[in-house]
Amino acid sequence: MTNIAKSENTDMNMSSGPFVDVANTPKQQRAPKARVTAQNVNVFYGQKQALFDVCVDVPDRSVIAFIGPSGCGKSTFLRCLNRMNDTIEGCRVEGDIKLDGQDVYDPKIDVVELRARVGMVFQKPNPFPKSIFENVAYGPKIHGLATNKTELEEIVVTSLRKASLFEEVKDRLHEPGTGLSGGQQQRLCIARAIAVSPEVILMDEPCSALDPIATAKIEELIDELRANYTIAIVTHSMQQAARVSQRTAFFHLGLLVEEGPTETIFTAPNDKRTQDYVTGRFG
Amino acid sequence: MNSWMVALLLLAVLSLAYQQGWSLSRRLATPEGRLHSRPAYHGSLVAIWTIAPALVIFGLWALFGTSASRAFILANLPAEIVDTGGAALQSAIQRVRAIASGFGVAGEVQPYEAAAGEALRRFQLIASATVLAAAAAFAGVSLYFARRRIATRLRARNEVERLVRYLLLACSGVAILTTLGIVLSLVFEAARFFTFVSPIDFFFGTVWNPRFSTTGAGSGQYGLLPLLWGTVMVAGIAMFVALPIGLMTAIYLSQYAKPRVRSIVKPMIEILAGIPTIVYGFFALVTVGPALSAFGASIGVDIRATSALTAGIVMGIMIIPFISSLSDDILRQVPRAMIDGSIGLGATQSETIKRVVLPAALPGIVGAFLLAVSRAIGETMIVVLAAGNSPFLRANPGEPISTVTVTIVNQLTGDQDFASPQSLVAFALGLTLFVMTLFLNMAALYIVRRFREQYE
C-alpha cells in the first residue's frame, strides 16, 4: 500500500493553504497507521442494497475524500462510520468497521462515546437555534468535558479559534448561531464538532450549500485540521477532492471502484470508470 | 311559490345561459379571428350575468318580504287591535299568518281575522308572482345584454376570474360578519344588563346569587368572581392533567414511535377527541367522581363526588388528544438536520429532545397550550354534570364549584324573560368568556406564527 504520508509532516501543511498542489507533494513510503478500517461493508435500506463489500482504510491524520455520482453510496458509507445510519428506519449494516481496532458495531460499544470520538459535519449547516456560545458548548456540556464555567469558555474559544471563526464572532458570542452567514454557520458546526475533541471528523459535502469564498475558507480549514484530526469527506466537487485530500476513494453504484493516493486517482487511475468520472465523461 | 321549483328554474336558466354563451362564442371563432377566451369562459360569464340579477331580487324578497307582509297585515287589522300593541298584537299577527297559510288556528276564528287572512293569502300570491316575474324579466334582459357582449376580443376569462374572486371574498365575509353579529349582540345585551347591575358589582362582586326573575329586577347579587374562580380552577386542573400526558404522548409519537406503532396509536388517541363531551360528563359523574371520593376517603381527604377535581380531571382527559395532536405536529416540524446534528455530537435521544427539540418547538407548544386552555375555559357539559354547580368562592378543589359556562346554562334554561337581569346576565358572562378566549387565541396565534418564522 502506498500512501502520501504528508500528514505526518504537519509544519509544512500549515502554510500551504487550501490549494495544495497534489502532484508536487513529496511521496514517502512510510504507510500511516489506519485509524478506521472497513472490511466487506454491506448496507441495506429495507430490501435494497446500497453498498456492496466496501473495504476502505481511513489513514490517521490525513484527509480521505469519497467521490462518485449521486446515489453511489458514498454518504451512506460515511454515515456507517459513526453509526448515524442507526437513526434511519430499515437500514441494516453488515461487515466489519473498526475504530482503532475496536468493532464499531459491537453491541457492547457505547454509541454515544463512539460519536464523541467520531464527529460529524453535515451537508447543510445545521446550527441549533441557540447562541453561538451555546452551540459550541453543547457537546462539552452533554459529555461533561468542563467542570466549571471558565473551562467551558476555554473550550468554546479554542474550538472557535480552531475553526477560524473566533475573530469574526468574538463580539457576539451570545447572539443566535442561526444569524450567521452560511459559511460562518458551517464553520460554527465544525467548531461544534471539534469542541468534543473527536479523533475522526466526518464531513458530508460540507461545502455544497456554500459560495466559492466560503468554500475556500472551509477547505483551508480542513487542511489545517488535518494536523490533529483524521478526516473523511464526501464531496461532489472533484477539484475539492484534489485540493484537500491525500487519498481518494471512488464509489459507483454502491461499489468501491478504486481507492488510492489522490494524485493517482486523478492522473492515472487503474479503472476505466474512475477515468471516465474524473475526466467528466459521466456522473 | 315552492322554493324547490324556484331552485330548479334557476338551474334551468343557468344552464340555458351557459349553453347560449358557449355556442355563440364558438360560432364566432373562425380561423382568422381567434377567441380571446375559451367558449367555456364565455358560457360561464353569460350564466353569471344572467343569474345574478335574479338572485339579487330573491335576496331582497327574503330580506324584506316578512316586514312587507307584516305591514300588510297591520293595514288589514282593525285599529283597536293594532293599538293594543305588545304580545296581543304579536299573537294576532301570528294567527292571521296561520290562517293565510291554511294551517288553521286554535279557538274561534274572528270574522276580521278571516278577512285579514284571506287578504294576506292573496297578497302573498300576488307578491310571489311579482317577484318571480321580476326575476325572470331581469334574467331575460341581462341574458340579452350578456349575449350581445360576446366578441372574439371579449376577455371573458379575466372577468370570470374576477367574479370568482368576489364570490370567494363574499363567502369569507359571511364568517366574519357572523362573528361580528355575535359580538355585537353580546355587547348590546350585556349593555342592557349593565343598566340593572353596575359593572363594578359584576366584575368585582364575590357573591353570586341572582335569585329568580319573579322576585324582581332589583334583587339578587351578580358577582362574577366565584364563577371566574371556578372556571380558572377547573381549567387549571384540566391543564395540569392534560399538559404532561399530552406532551409526553406527543414526544413519544414524534420521536420514538416506529411508523407502524404510530399509525395505530395516533388514530386511537384521536378517538378520544371524537367522544361527545356529554359522554365525558356522565363518565365523570358516574365513574370518576365516586372513585375519587372513595380514594379520598381511603387517604383521609374529603373529596366530594361532584367537585372541581372531578370535572378538572375528566376535562384534562378530554383535552389530551388536543395537546398531543398539536404538539406532535409541531415537534415533527423540527428539522431532521437539527436532530442529526445533536446525535452526531454524541447526544442520546433524550438529551437531544430535552436540549434541542423541545427548546426549538417551545413557542409552538406554548401556542398549543394556550389554545387548549381556551377550550377548557369554554367547555360546558362536563362541568354542568360533574362540578356540583355551587357558585361559591372556595379554594379546596375537592369541593363543588360552578363555572361561567354552567351559569350561562342555568340562567338561560327554563322560563325566560329577556327583560330581566337574571337572563341578561348570561350575555355579560358570555362576553367575559368570549374576551378571555379571544385574548388566549390571539396570544397563541402570535406565538405560533413567530415559531413558524424560525425555520422558513
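The values are calculated or read from the model by the stated rules, or taken from the named source; none is laboratory data. Since the structure is predicted, the reported quantities are computational estimates derived from the model, not experimental observations. Virtual Cβ from ideal backbone geometry, glycine too; neighbours counted across all protein chains shown. Areas reflect the complete protein model, heavy atoms only, side chains present, ligands, DNA and RNA absent. Shrake-Rupley method; radii C 1.70, N 1.55, O 1.52, S 1.80 Å.
A compact table of results
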quantity: Size of charge dipole - segment B:221-455 - debye, nearest 20, with Cβ of Lys, Arg +1 and Asp, Glu -1, no other charges; calculated: 820 debye
quantity: FRET efficiency, B:M248 to A:D110 (Cβ-Cβ, R0 35 Å, nearest 0.05); calculated: 0.85
quantity: Solvent-accessible area of B:I313 with every protein chain in place, 1.4 Å probe, in Å² to the nearest 10; calculated: 50 Å²
quantity: Relative contact order of chain A, pairs being alpha-carbon contacts under 8 Å that are 6 or more residues apart, as %; calculated: 28 percent
quantity: For segment A:41-57, 3J(HN,Hα) per residue [Karplus equation, 6.51 cos²θ - 1.76 cosθ + 1.60, θ = phi - 60°, Hz, x = Gly/Pro]; calculated: 7, 10, 10, 10, 9, x, 7, 7, 8, 9, 9, 10, 6, 7, 10, 9, 10
quantity: Average beta carbon contacts from partner chains per residue of A:83-89, 10 Å cutoff; calculated: 2
quantity: Helix axis angle, A:132-143 relative to chain A longest principal axis, alpha carbon, degrees; calculated: 70 degrees
quantity: Two-decimal Rg/Rh across segment B:167-305, once Rg and the Kirkwood Rh are taken from alpha-carbon atoms; calculated: 1.11
quantity: Interface size B-A, as summed buried accessible area [1.4 Å probe, Å², nearest 100]; calculated: 1700 Å²
quantity: Ranking by accessible area, most exposed first, for B:Y252, A:Y45, B:Y446, A:Y105 with a 1.4 Å probe; calculated: B:Y446, B:Y252, A:Y45, A:Y105
quantity: Net charge over other residues, Cβ less than 15 angstrom from the Cβ of B:A114 (K, R count +1; D, E count -1); calculated: +1
quantity: Mean separation of Cα contacts under 8 Å (6+ apart) over length of segment B:317-456, as relative contact order %; calculated: 27 percent
quantity: Interchain or long-range residues, amide H under 5 Å from A:V257's placed H; calculated: A:F250, A:F251, A:H252
quantity: Built amide H within the under 5 Å cut-off of A:S62, gap 5+; calculated: A:I231
quantity: Charge-dipole axis of the protein assembly as shown as Lys and Arg at +1 and Asp and Glu at -1 on Cβ define it, positive-most pick from B:L60, B:A305, A:P69; calculated: B:L60
quantity: Ranked packing of A:88-96, A:55-63, A:247-255, most packed first, by mean Cβ within 10 Å; calculated: A:247-255, A:55-63, A:88-96
quantity: 222 nm mean residue ellipticity, helices alone, for the protein assembly as shown (DSSP H n ≥ 4; -39,500 (n - 2.57); rounded to 500); calculated: -19500 deg cm²/dmol
quantity: Sum of side-chain charges, B:V357 neighbourhood, beta-carbon under 13 Å (Lys, Arg +1; Asp, Glu -1); calculated: +2
quantity: Residue-by-residue Karplus 3J(HN,Hα) for segment B:251-259, coefficients 6.51, -1.76, 1.60, Hz, glycine and proline x; calculated: 5, 4, 5, 7, 10, 9, 5, 6, x
quantity: Placed amide H near B:Y222: partners under 5 Å, 5+ positions off or other chain; calculated: B:N209
quantity: Surface/4 estimate of mean projected area, convex hull on alpha-carbon atoms of chain B, nm²; calculated: 35.1 nm²
quantity: For the protein assembly as shown, size of Cβ-based charge dipole, Lys and Arg +1, Asp and Glu -1, in debye; calculated: 2120 debye
quantity: Peptide-level mean, for A:124-130, of C-beta atoms on other protein chains within 10 Å; calculated: 6
quantity: Of all accessible heavy-atom area on chain B, the percent that carbon and sulfur account for (1.4 Å); calculated: 68 percent
quantity: Karplus 3J(HN,Hα) series, Hz, for segment B:420-428 with 6.51 cos²θ - 1.76 cosθ + 1.60 (x for Gly, Pro); calculated: 9, x, 4, 8, 5, 4, 4, 6, 5
quantity: Other protein chain Cβ atoms within 10 Å, averaged over every residue that makes up A:134-147; calculated: 2
quantity: Spatially proximal lysines relative to A:K170 (Cα-Cα < 22 Å; intrachain offsets below 8 disregarded); calculated: A:K130, A:K141, A:K149, A:K162, A:K217
